[in-house]
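Before any comments, here is the structure.
Every number here is computed from the coordinates shown, using simple stated rules; none is lab data. Quick caveat: nothing in here was measured; it's all calculated off a predicted structure. Cβ atoms come from the backbone with ideal geometry, glycine included; neighbour counts cover every protein chain shown.
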Amino acid sequence: MFYKIALVLCFLAVALSVPMKKVYSPAYSYCPDGWMRFKESCFYIEMKKMDFQEAQLTCMERGATMFVADTVEEWLEVTAHTPLNYWSWAGLRYDNDAKQATWRGSGGGLAVSALDWLNSPVTAENNGMNPVARCVAHYNGDVGKSYSFYYHCGMDFYSICEKNATLLEVPAGQGF
């Protein structure tokens, strides 16, 4: 009896020490080809440079909005996939009547002060915002050199689109 218990305990110890891959149902894990996944969203890094308005329209044509970060973790993970040593638009813009920049396509989003801004103290004006520079772009530099800054919305940068992965249609043959 002792040997059977010892054998079962050894088996359990080995089974629990083997890393397990998380498996999700296809409906939960699906992102379209060319999109990457982070938690419950799919992200597309647009490799054609365009102005802010064009980027918004392109995301809409893809059934998405411009990237709206909900957490610092999401911001860092997604922006790390943008082209190295280049600028990319996120869905953040300063409107005339606002006290600070607001995220496009969402009622929420990460607090603007939590982003990785170029200059301290973190104020819109200290980071380039002026009557003509009202859209936020993120620079993906080498380790520790990434930051956000306001630019004229008509400048051409890469951009990031986002859509909810849990609301996507699953291709035929991949559903339940």
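Going by C-beta contacts inside 10 Å, put Cys59, Cys153, Cys31, Cys135 in order with the fewest on the left.
Cys31, Cys153, Cys59, Cys135
Under the Karplus relation 6.51 cos²θ - 1.76 cosθ + 1.60, θ = phi - 60°, what is the ordered set of whole-Hz ³J(HN,Hα) values for region 77-87, x standing for Gly and Pro?
Taking θ as phi minus 60°, the curve returns 5, 6, 5, 5, 8, 6, x, 5, 6, 9, 9 Hz for region 77-87.
Would you mind checking which residues have amide H under 5 Å from Asn140's amide H? H placed 1.01 Å from N; only 5 or more apart, or other chain.
Here the answer is Asn85, Tyr86, Ser88, since their amide H atoms fall under 5 Å of that of Asn140.
Which stretch or stretches of region 79-106 have amide N atoms under 15 Å from the point lying 7 Å from Leu167's Cα along the Cα→Cβ direction?
Only 104-106 pass the distance filter.
Modelled label-to-label distance, Asp97 and Ser120, 7 Å Cα→beta-carbon offset: nm?
Spacing of the two 7 Å Cα→Cβ label points: 3.6 nm.
Check Leu118: other-chain or 5+ apart residues with amide H under 5 Å from its amide H, H built from backbone geometry?
Ser148
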